[in-house]
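A short worksheet on the structure shown next.
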Amino acid sequence: MQSDVRKKIIDAFSNAFGSFVSGQEIADYVGCSRTAVWKHIEELRNEGYVLEAIRNKGYRIISAPGNVTSNEIQIGLQTTAFGQNIHYEESVDSTQKIANRLANEDAAEGTIVIAEEQTLGKGRLSRNWHSPKFTGIWMSLILRPNIPFHEAPQLTLLAAVAVAQAIEDVTELTPEIKWPNDLLIKGKKVTGILTELQAESDRIHSVIIGIGVNVNQKLSDFPKELQDIATSLFIESGVSISRAALIQQILRNMEKLYHTYLQHGFSPVKLLWESYAVSLGKELKATTVNETIIGKALGITDSGVLLLEDKTGKVHPIYSADITI
Ligand code: BTN
């Protein structure tokens, strides 16, 4: 099939890590003629790939186009499962919705749904998530962990750590985490994470981790009401960031941390989370569905629950709330 050939050609470049691969090597790897390879390479060029061709050496990939299709993400992706299956759409209502459907259809663990734009992006606490075209990362990842239902929130904290690390790896910026999973730069939100579960009784069928990262928006790309509270990596660093490179790094970090978590439990993740936490030791206001609690953030429990100590010394476990620092 045409798309299989394309995927294998991309694989061949990916395996070469930026070195030259000869037309014959690609043809042998893919199992097609050199003419077919040449035709596909021309098509890749038309799609915006920059490929260098040198006689007697072959081809080498210089850069992929700036969007986040499966090809862009898979070239150079250093994971074994996360992002190996990609469902890409230019425009969707919400990647969470598609990921939930794919999870029901038995999609493999590590499958991601990614879109250039979301028209009805979902945030926490039934809010909307602003997801304009070509500027951010709007992605949902399907996990199938064999853990008890009540431990699932730990995966949200794990995702926050993996994204924070990826931002540090790819930019000069250091984000902070506001409980449970908002990533802030200079106090403004750059990333939100939404975790949804599919479960029967105490058995988790799947966990869908939705990650929204504001990457290349200019201030004027945000609606007025968000301009004081949201930011992007571009606004903070002054540099335009490759979304595909950041996605690859997020997937790499997530996969690594997820394996650590499955082998050694939540403690190593908790330590990392605490190292990024902005809220610990500070006075916070937690607005839950029932009440508002003001208190000092003592830390998080092994289930990822925030502990707030009020003026009377009473410690309140906070499971879900809007936090103001
Ligand atoms: C939050 O409110 O902080 C969570 C925002 C989560 C947004 C992401 S973008 C990708 C995925 N699809 C959605 O509709 N929402 C999540």
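The values are calculated or read from the model by the stated rules, or taken from the named source; none is laboratory data. Note that this is a predicted model, so its numbers are computed, not measured. Note that each Cβ is placed from the backbone with ideal geometry, even for glycine, and that neighbours are counted across all protein chains shown.
Does any residue of region 84-93 turn out to be on the phi < 0 side of the Ramachandran plot and in contact with a Leu (Cβ under 6 Å, 6 or more places away or on another chain)? Yes: region 84-93 contains one or more residues that are on the phi < 0 side of the Ramachandran plot and in contact with a Leu (Cβ under 6 Å, 6 or more places away or on another chain).
Any idea which of THR79, THR174, THR156 is hydroxyl-bearing (Ser, Thr, Tyr) and within 12 Å of the ligand (Cβ to nearest atom)? Walk me through how you get there before you give the answer.
Numbers: THR79 fails: within 12 Å of the ligand (Cβ to nearest atom); THR174 fails: within 12 Å of the ligand (Cβ to nearest atom).
Criteria check complete, one pass: THR156.
Per-residue answers, yes or no, for (1) closer than 26 Å to PRO223 by Cβ; (2) over 17 Å from the mean Cα position of the chain (by Cα); (3) among the charged types (D, E, K, R); (4) not assigned by TED's automatic domain parsing to the domain that holds GLU105:
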position: LEU184; (1), (2), (3), (4): yes, no, no, no
position: LEU194; (1), (2), (3), (4): yes, no, no, no
position: GLN198; (1), (2), (3), (4): no, yes, no, no
position: VAL207; (1), (2), (3), (4): no, no, no, no
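The set of residues in region 91-116 being within 17 Å of the chain's Cα centre (by Cα), within 13 Å of the ligand (Cβ to nearest atom) and acidic (Asp, Glu) consists of GLU116 alone. For region 117-134, a residue qualifies if it is within 6 Å of the ligand (Cβ to nearest atom) and in contact with a helix residue (DSSP H, G or I) (Cβ under 7 Å, 6 or more places away or on another chain), and the qualifying residues are GLN118, LYS122. Pairs linking a residue in region 100-124 that is closer than 17 Å to ALA244 by Cβ and of a type in the set (S, T, N, Q) to a residue that is at pLDDT 95 or above and surrounded by 20 or more Cβ atoms within 10 Å (Cβ to Cβ), with Cβ atoms under 8 Å and 6 or more positions apart or on different chains, do not occur.
Surrounded by 21 or more Cβ atoms within 10 Å (Cβ to Cβ) and among the hydroxyl-bearing types (Ser, Thr, Tyr): which single residue out of THR191, THR171 fits that description?
Numbers: THR171 fails: surrounded by 21 or more Cβ atoms within 10 Å (Cβ to Cβ).
Result of the check over THR191, THR171: THR191.
Applying the condition of being surrounded by 14 or more Cβ atoms within 10 Å (Cβ to Cβ) and out of contact with any helix residue (DSSP H, G or I) (no Cβ under 6 Å at 6 or more places or on another chain) to region 267-282 and asking which residue is farthest from LYS186 (Cα to Cα) yields LYS270.
Given region 202-306, what strands (runs of 3 or more DSSP E) lie entirely inside it while holding 3 or more residues that are more than 16 Å from the ligand (Cβ to nearest atom), modelled with pLDDT of 95 or more and touching a Phe, Trp or Tyr at 6+ places or on another chain (Cβ under 9 Å)?
Numbers: elements: 203-214, 283-287, 292-300.
By residue number, no strands (runs of 3 or more DSSP E) qualify.
Yes or no: region 42-58 includes at least one residue that is among the small types (Gly, Ala, Ser), closer than 24 Å to LEU251 by Cβ and crowded, with 19+ Cβ neighbours inside 10 Å. No - not one qualifying residue is present in region 42-58.
Condition check for GLY304 on (1) small (Gly, Ala, Ser); (2) within 20 Å of THR191 (Cα to Cα); (3) assigned by TED's automatic domain parsing to the domain that holds LEU183: one failure, at (3).
Answer yes or no as to whether GLN165 is surrounded by 18 or more Cβ atoms within 10 Å (Cβ to Cβ), under 14 Å from the mean Cα position of the chain (by Cα) and away from the ligand (no atom under 14 Å from the Cβ).
On the way: surrounded by 18 or more Cβ atoms within 10 Å (Cβ to Cβ): yes; under 14 Å from the mean Cα position of the chain (by Cα): yes; away from the ligand (no atom under 14 Å from the Cβ): yes.
Considered against the rule, which asks whether it is surrounded by 18 or more Cβ atoms within 10 Å (Cβ to Cβ), under 14 Å from the mean Cα position of the chain (by Cα) and away from the ligand (no atom under 14 Å from the Cβ), GLN165 comes out as yes.
Suppose the filter is of a type outside the set (A, V, I, L, M, F, W, C) and surrounded by fewer than 24 Cβ atoms within 10 Å (Cβ to Cβ); does GLY123 pass it? Taking the combined requirement at face value, the residue satisfies it.
Looking at LYS311, is it outside the structural domain of LEU155 (by TED's automatic domain parsing) and part of a loop (DSSP other than H, G, I, E, B)? Before the answer, list the steps.
Working: outside the structural domain of LEU155 (by TED's automatic domain parsing): yes; part of a loop (DSSP other than H, G, I, E, B): yes.
Yes: the conditions hold for LYS311.
Residues considered: ILE137, ILE86. Of these, the only one that is assigned by TED's automatic domain parsing to the domain that holds MET254, of a type in the set (A, V, I, L, M, F, W, C) and either within 24 Å of ALA321 (Cβ to Cβ) or within 10 Å of the ligand (Cβ to nearest atom) (or both) is ILE137.
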